[in-house]
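Below is one structure, written out as structure tokens; comments come after it.
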Amino acid sequence: MRMVMCREATRLMSKNLDAPLGFQERMSLKFHLAMCGACRKCNQQFQLIHDAGKAFEAKESSPPFDTDDQTT
Amino acid sequence: MASWPDSSQSDTSKPSAERQRRLAAVRPRLLAFARLQLRDASEADDVVQEALITAVEKNARFEGKSGYETWVFGILKNKILDALRAQKRHGKWQPWSDDGVEAAIEQQFQSSGRWTDVARPSSWGDPEKTLFSERFWQVFDSCMIALPDNIARIFTMRELMGLSTHQICEEAGIKENNCWVILHRGRLLLRACLEKGWLSEANK
């Protein structure tokens, strides 16, 4: 298995949101996340950003900014 | 407020008062969504108006398989996609430029590939509460505006419109590999911006 550092790990966690990772990639990411708390947080936050789009359609968590004031 | 078109010549029924109320209620969210995706306020107003008119005209087509708001958002996404295609056709998409993106990302990592001290991710607290927070959405909005156009367009097609990277490649005329690179950059930039805005506010 290839050891990856944080920068490469963020590339893999990002790609994981868009496409299935290969076996090697999956193992590298899993191993890195097991060791690195900062990257575990980054992974959660990428996931949260990924889910944010759906929140627009969900009534309860509607982005509340009043867009009528932002025209200028 | 949208003025409802006269639908007497069509075979569909007019939305009930309840649906008209829900359309009015969802309009600010449709606008916020369209503005983030199109990055042009008047164009966003136009597509939202078109989507509301279509929702009224095709009222009878709503089958209740999804939520009503989800159905309306589906209509809006199609209108946005048409608008994006028109933007591209009319040469409104600037050619790729780096805009200091690479430098901004370089600052997040040491040459060894580890996070730099300033960029190392901190906890944002409970994700559920975060997404429900009004302040988070204000930060999200301003961070999205700060993203360079080229990155934001691809990013929002993926994360707001929910297109697959395969579809995005076709719409934007780029390779899938390139798409993953752009999304990775967008997520890193947005994450850093959100953290800065979100945590600085939370610590006040």
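Can you find a residue in the range B:13-24 that is more than 30 Å from B:Ile174 (Cβ to Cβ), of a type in the set (Asp, Glu) and either at pLDDT 85 or above or assigned to a helix (DSSP H, G or I) (or both)? Walk me through how you get there before you give the answer.
Taking the range B:13-24 first, the residues more than 30 Å from B:Ile174 (Cβ to Cβ) are B:13-24.
Remaining after also requiring of a type in the set (Asp, Glu): B:18.
Remaining after also requiring either at pLDDT 85 or above or assigned to a helix (DSSP H, G or I) (or both): B:18.
Yes, the range B:13-24 has at least one match.
Within 7 Å of chain B (Cβ to nearest Cβ), surrounded by fewer than 19 Cβ atoms within 10 Å (Cβ to Cβ), modelled with pLDDT under 95 and more than 23 Å from B:Glu176 (Cα to Cα): does that describe A:Lys59?
yes
Kindly indicate whether any position in the range B:120-128 is out of contact with any Cys (no Cβ under 6 Å at 6 or more places or on another chain), open to solvent by 30 Å² or more (accessible area, probe 1.4 Å), touching a residue at least 24 places away in the same chain (Cβ under 8 Å) and in a loop (DSSP other than H, G, I, E, B).
yes
So the check is Cβ under 6 Å with 6+ separation or different chains; which pairs have a first residue in the range B:163-187 that's farther than 24 Å from B:Phe140 by Cα and a second one that's of a type in the set (Val, Ile, Thr) and crowded, with 19+ Cβ neighbours inside 10 Å?
Short answer, once both residue conditions are applied: B:Glu176/B:Thr165.
If you go through the range B:66-88 one residue at a time, do you hit one that is under 17 Å from B:Lys14 (Cβ atoms), more than 16 Å from the chain's Cα centre (by Cα) and not assigned by TED's automatic domain parsing to the domain that holds B:Ala146?
Checked against the condition, which is being under 17 Å from B:Lys14 (Cβ atoms), more than 16 Å from the chain's Cα centre (by Cα) and not assigned by TED's automatic domain parsing to the domain that holds B:Ala146, the range B:66-88 yields at least one hit.
Is the range B:58-73 home to any residue that is among the basic types (Lys, Arg), in contact (Cβ under 8 Å) with a residue 12 or more places away in the chain, touching a helix residue (DSSP H, G or I) at 6+ places or on another chain (Cβ under 8 Å) and in a loop (DSSP other than H, G, I, E, B)?
yes
Are there any pairs, at least 6 apart or on different chains, whose C-beta atoms fall under 8 Å, with the first in the range A:19-43 and farther than 12 Å from A:Arg2 by Cβ and the second among the hydroxyl-bearing types (Ser, Thr, Tyr) and assigned to a helix (DSSP H, G or I), and if so, which?
A:Ala19/B:Thr165; A:Cys39/A:Thr10; A:Cys42/A:Thr10
Which condition number in (1) within 12 Å of chain A (Cβ to nearest Cβ); (2) open to solvent by 20 Å² or more (accessible area, probe 1.4 Å) is the one that B:Glu102 fails?
(1)
Check B:Met161, B:Met144, B:Met157 and return the single one that is within 11 Å of chain A (Cβ to nearest Cβ), assigned to a loop (DSSP other than H, G, I, E, B) and either open to solvent by 60 Å² or more (accessible area, probe 1.4 Å) or not basic (Lys, Arg) (or both).
Within the list B:Met161, B:Met144, B:Met157, the selection yields B:Met161.
Is it the case, given these coordinates, that B:Leu81 is modelled with pLDDT of 90 or more and crowded, with 18+ Cβ neighbours inside 10 Å?
Taking the combined requirement at face value, the residue does not satisfy it.
Looking for whichever is surrounded by 15 or more Cβ atoms within 10 Å (Cβ to Cβ) and under 15 Å from B:Leu189 (Cα atoms) here; the options are A:Leu17, A:Leu12, A:Leu48, A:Leu29. Which one fits? Show your work before the answer.
Working: A:Leu17 fails: under 15 Å from B:Leu189 (Cα atoms); A:Leu12 fails: under 15 Å from B:Leu189 (Cα atoms); A:Leu29 fails: under 15 Å from B:Leu189 (Cα atoms).
Within the list A:Leu17, A:Leu12, A:Leu48, A:Leu29, the selection yields A:Leu48.
Looking at the range B:105-118 only, could you name the residues that are within 9 Å of chain A (Cβ to nearest Cβ) and either loosely packed, with under 13 Cβ neighbours inside 10 Å or assigned to a loop (DSSP other than H, G, I, E, B) (or both)?
Result: B:Gln108, B:Gln110, B:Ser112, B:Gly113, B:Arg114.
A quick yes/no check of all residues on (1) within 16 Å of the chain's Cα centre (by Cα); (2) away from every other protein chain (no Cβ under 13 Å):
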| residue | (1), (2) |
| --- | --- |
| B:Arg19 | no, yes |
| B:Arg22 | no, no |
| B:Pro28 | yes, no |
| B:Leu31 | yes, no |
| B:Leu36 | yes, no |
| B:Arg39 | yes, no |
| B:Asp45 | yes, no |
| B:Val48 | yes, no |
| B:Leu52 | no, yes |
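In the range B:77-120, how many are in contact with a strand residue (DSSP E or B) (Cβ under 7 Å, 6 or more places away or on another chain) and aromatic (Phe, Trp, Tyr)?
So the answer is 2.
The values are calculated or read from the model by the stated rules, or taken from the named source; none is laboratory data. Quick caveat, the model's predicted, so the values are computed rather than measured. Here Cβ is always computed from backbone atoms with ideal geometry, including for glycine, and neighbour counts include all displayed protein chains. Keep in mind that these areas ignore ligands, DNA and RNA; they rest on the heavy atoms of the full protein, side chains included. Shrake-Rupley method; radii C 1.70, N 1.55, O 1.52, S 1.80 Å.
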